[in-house]
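Input: a single structure, listed below in structure tokens.
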Amino acid sequence: MNSPARIVVLVSGAGTNLQALLDACADPAYGARVVAVGADRDGVEGLARADRAGVPTFVARVADYTSREHWDRALADKVGAFEPDLVVSAGFMKLLSQDFLDRFLTLNTHPALCPAFPGMHGPRDALEHGVKVTGATLFVVDAGVDTGPIVAQVPVEVVEDDDVASLHERIKAAERAMLVDAVGRIAREGISVEGRRVRIGGDAR
Ligand code: GRF
């Protein structure tokens, strides 16, 4: 791991998780730097946030490549050009190939307490199921959908009047704090992944 750790963030939308990381990285004591932000689509707020922070951006749109494999390789090359220690997928709405994941240690945030409610609709599915507590999970991306080894989790209470939007907003506030805390500790202390067990610090890389 470099010091400060080099982070590439992948986004598809609003990029509030990205913003939280950019803000944290402004403090040299945090130990990490966002060296680039990539997206799978043009014109999203996440890219504008990177621009405003003076961080280089790139876009790789699936439609611009002849196959999903070519897109994946192109994305990996664009990411690789910035020599990241860590890739953070923060609201990036594409699955990454095993080749990509073999090349880069990649973390993702999910707005539910894994292994509950994987997929695109974590807050909605939690609400429909009637759980009283849900939350957010930071995990090491593997070949499945929100199935990878868990790095950190934070609980969020479901309240009586919640709808999907209000619940997701409260989850996102907790999710951002969790992400900033975990990425900073990983940057400063390293991370080791053995099977499903993730440890920050120790003899980590
Ligand atoms: C987050 O809740 C993330 O977990 C989910 O999409 C949301 C992205 O939010 N996959 P933002 O783009 O970081 O604001």
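The values are calculated or read from the model by the stated rules, or taken from the named source; none is laboratory data. Just so it is clear, the model here is predicted, and its values are computed rather than measured. Cβ placement follows ideal geometry from the backbone for every residue including glycine, while neighbour counts extend to all protein chains displayed. Heavy atoms of the whole protein, side chains included, go into the accessibility calculation; ligands, DNA and RNA do not. Shrake-Rupley method; radii C 1.70, N 1.55, O 1.52, S 1.80 Å.
General observations
- In percent, rounded to a whole number, the relative contact order of the chain is 20, using alpha-carbon pairs under 8 Å and six or more apart.
- Under a model in which nothing but the beta-carbon of Lys, Arg (+1) and Asp, Glu (-1) is charged, region 1-104 shows a dipole of about 80 debye around its Cα centre.
- Bridge type composition, the chain - antiparallel percent by DSSP, nearest 5: 45
- Computed FRET value (nearest 0.05) for S166 with V193, which takes r as the C-beta separation and R₀ as 35 Å: 0.55
- Estimated FRET transfer efficiency (A14, E157; beta-carbon r; R0 30 Å; 0.05): 0.80
- Ranked order, T134, T147 - accessible area, probe 1.4 Å, largest first: T147, T134
- Counting only lysines at least 8 places from K94 when in the same chain, those with an alpha carbon closer than 21 Å to its own are K78, K172.
- The share of accessible area on the chain that comes from carbon and sulfur is 50 percent, using a 1.4 angstrom probe.
- Each residue of the chain gets 118 Å³ once the volume of the Cα convex hull is shared out per residue.
- Summing Cβ point charges (Lys, Arg +1; Asp, Glu -1) relative to the Cα centre of region 64-174 gives a dipole of roughly 140 debye.
- Here the sum of -39500 (n - 2.57) over DSSP H runs of 4 or more residues, divided by the residues of the chain, equals -10500 deg cm²/dmol at 222 nm, to the nearest 500.
- Kyte-Doolittle mean at least -1.0, axial Cα span of 30 Å or more - DSSP H helices of the chain: 164-189
- Only the Cβ atoms of Lys and Arg (+1) and of Asp and Glu (-1) were treated as charged; on that basis the dipole of the chain about its Cα centre amounts to roughly 480 debye.
- Relative contact order of region 108-205, taken over Cα pairs closer than 8 Å and 6 or more residues apart, is 24 percent.
- At a probe radius of 1.4 angstrom, the accessible area of region 9-51 per residue rounds to 35 square angstrom.
- Rounded to the nearest angstrom and listed largest first, the equivalent-ellipsoid semi-axes of region 1-104 from its Cα gyration tensor are 22, 16, 10.
- Here's the picture: charge each Lys and Arg Cβ at +1 and each Asp and Glu Cβ at -1 in region 108-205, and of G119, G148, H168 the one pushed furthest to the positive end of that dipole is G148.
- Trypsin sites (Lys or Arg not before Pro) restricted to DSSP loop in region 95-158 with at most 11 other C-beta within 10 Å: K132
- Alpha carbon centroid spacing (whole Å) that separates region 55-71 from region 108-172: 28
- Rounded to the nearest 0.05, the FRET efficiency derived from the C-beta distance between A48 and D99 at R0 = 35 Å is 0.70.
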